[in-house]
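Below is one structure, written out as structure tokens; the observations come after it.
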Amino acid sequence: SVIHINFCSIILFRLIVNYYLNHYGTKISRYDISIWLYYDIIIWLRQEEFMRMQKSLDNLKNAQLRQKNYLFFKTLWKDFDLVIDDNKTNSLYIISERYNIFIKVKHGGYIPSSGFLLIDSLGKFEFNGKSVIDIGCGETGILAHYLFAREASSVVGIDIDPSAIAHAKHSSNVSDYITWIVYDAGNILTNNKFDVIISNPPQMPMSFELRKQLKDWHDSCGDTGIELITQIIKRASTGLRSGGEIFILVFDFLGVRESYNNTLSIEEIGCRYGFSCEIIKSYPKTVRKGGQTEKSISWIKHVYPKYRFGRDTEGNLCYNALTVRFQHS
């Protein structure tokens, strides 16, 4: 090891120094040499002890990561990879070596692609020592896990879906350090205060008939898509501590700066409850063939008649996902 090589180098150095000093007439007693060697050994032992402690800590931190063999599948977003468990179960895991977390994806569940856009936007903000709540955390709780890794003092993940919370509670190597609650956003913000509110909420506009057919609230929470966003902003006026912030990922057709129907824009809703609104970042998104957005196009155009979808270089319909930051004005 490097330590053993360093120790041998020190001994060799001592012997060379002793030779030259003796050669030029300066005698060094065996006592002096023994003192040198004694301190060298003490230093070496302390280095060995430190290395053993560091190795134990590393093993402890990464124990669950190292217990499994994984097959790389693809990079989801920068520091996050999607991998397959190599033990014939073909379980999917989201792994980040940088943040030392791995999250098991629920069988038949979702990959939180929009959540990674929000994570990308949050990199320049400080969360150390802050209390944070992730509203609509979903079954992977990716944002809650990320904020824990960013050293928030406390992290709460809430979702109205009991099955999502049941999975999130045991989904990762750090999920025990996060509080997971089946809860309505309005109630928890009425009774508690946080420094930061984060949300990648269900926001796809859908008719009641379509929502009833899907029996799934992962993508939508109402006809217009802004129902939960409005509720978060409204309740945050009392559930956010002084100097607190809200970060929400919002699809642009919902109308952030301007309204695409005859109702208030999201910025105007924020102003009504005392918040300034800032678009941190914009991410282009293609309307995926067969995806939920494509299925909802006609309804989106019905609810937001003034909005116009764009076209990407291949002629596909596209829109933008916006990271929006709210602060007390």
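The values are calculated or read from the model by the stated rules, or taken from the named source; none is laboratory data. Since this is a predicted model, take the numbers as computed values, not measurements. Virtual Cβ from ideal backbone geometry, glycine too; neighbours counted across all protein chains shown. All accessible areas refer to the heavy atoms of the entire protein, side chains included, with ligands and DNA or RNA removed. Shrake-Rupley method; radii C 1.70, N 1.55, O 1.52, S 1.80 Å.
Among residues of region 177-200 that are within 13 Å of residue 247 (Cα to Cα), those with a Cβ under 8 angstrom from a residue that is surrounded by fewer than 23 Cβ atoms within 10 Å (Cβ to Cβ) and aromatic (Phe, Trp, Tyr), sequence gap 6+ or separate chain, pair up as 196/127; 196/247; 197/247; 198/247; 199/247. Cβ-Cβ distances below 6 Å connect the following pairs, each with a first residue in region 295-306 that is in contact (Cβ under 8 Å) with a residue 60 or more places away in the chain, a second residue that is part of a helix (DSSP H, G or I) and surrounded by 13 or more Cβ atoms within 10 Å (Cβ to Cβ), and a separation of six or more residues or different chains: 300/253; 304/253.
Applying a threshold of 6 Å to beta carbon distances and a minimum spacing of six or more residues, or different chains, the list of pairs starting in region 152-170 at a residue that is within 20 Å of residue 189 (Cβ to Cβ) and ending at one that is crowded, with 23+ Cβ neighbours inside 10 Å and among the aromatic types (Phe, Trp, Tyr) reads 155/148; 157/180; 165/180; 168/180.
Tally up the residues in region 233-248 that are more than 15 Å from residue 265 (Cα to Cα) and touching a strand residue (DSSP E or B) at 6+ places or on another chain (Cβ under 6 Å), please.
Of all residues in region 233-248, those more than 15 Å from residue 265 (Cα to Cα) come to 235-247.
This time we only want the ones that are touching a strand residue (DSSP E or B) at 6+ places or on another chain (Cβ under 6 Å), so: 236, 241, 244-247.
Qualifying residue count for the region: 6.
For residue 171, the stated conditions hold: it is open to solvent by less than 20 Å² (accessible area, probe 1.4 Å) and not basic (Lys, Arg). Restricting 235, 257, 241 to residues that are out of contact with any Pro (no Cβ under 9 Å at 6 or more places or on another chain), open to solvent by 30 Å² or more (accessible area, probe 1.4 Å) and assigned to a loop (DSSP other than H, G, I, E, B) narrows the list to 257.
A Cβ distance below 8 Å, combined with a sequence gap of six or more or placement on separate chains, defines the contacts here; from region 260-276, residues that are over 12 Å from residue 326 (Cβ atoms) reach residues that are among the charged types (D, E, K, R) and surrounded by fewer than 18 Cβ atoms within 10 Å (Cβ to Cβ) in the pairs 260/306; 261/306; 264/272; 265/257; 265/258.
Taking residue 305, is it assigned to a loop (DSSP other than H, G, I, E, B) and open to solvent by less than 40 Å² (accessible area, probe 1.4 Å)?
Numbers: assigned to a loop (DSSP other than H, G, I, E, B): yes; open to solvent by less than 40 Å² (accessible area, probe 1.4 Å): no.
It is false that residue 305 is assigned to a loop (DSSP other than H, G, I, E, B) and open to solvent by less than 40 Å² (accessible area, probe 1.4 Å).
Of the residues making up region 128-165, those that are open to solvent by 40 Å² or more (accessible area, probe 1.4 Å), in a helix (DSSP H, G or I) and at pLDDT below 95 are 162, 163.
Tell me which of these residue 195 doesn't satisfy, since it passes every other one: (1) assigned to a strand (DSSP E or B); (2) of a type outside the set (Val, Ile, Thr); (3) within 29 Å of residue 85 (Cβ to Cβ). The one condition residue 195 does not meet is (3).
Could you tell me which residue of region 277-291 is most open to solvent (accessible area, probe 1.4 Å), considering only residues that are free of Cβ contacts under 8 Å to residues at least 60 places away in the same chain and of a type in the set (A, V, I, L, M)?
279
Residues in region 80-102 that are within 20 Å of residue 178 (Cα to Cα) and either of a type in the set (Lys, Arg) or not in a loop (DSSP other than H, G, I, E, B) (or both): 8 in all.
Selection over region 112-125 of residues that are in contact with a Lys or Arg (Cβ under 8 Å, 6 or more places away or on another chain) and open to solvent by 20 Å² or more (accessible area, probe 1.4 Å) gives a count of 1.
Tallying residues that are in a helix (DSSP H, G or I), of a type outside the set (Asp, Glu), out of contact with any Gly (no Cβ under 7 Å at 6 or more places or on another chain) and within 28 Å of residue 210 (Cα to Cα) within region 260-302 yields 10.
One residue stands out in region 308-329 among those that are part of a strand (DSSP E or B) and of a type outside the set (A, V, I, L, M, F, W, C): the one that is farthest from residue 280 (Cα to Cα), namely 311. Please verify whether region 103-124 includes one or more residues that are free of Cβ contacts under 8 Å to residues at least 24 places away in the same chain and either part of a helix (DSSP H, G or I) or farther than 18 Å from residue 163 by Cα (or both). Scanning region 103-124 turns up at least one residue that is free of Cβ contacts under 8 Å to residues at least 24 places away in the same chain and either part of a helix (DSSP H, G or I) or farther than 18 Å from residue 163 by Cα (or both).
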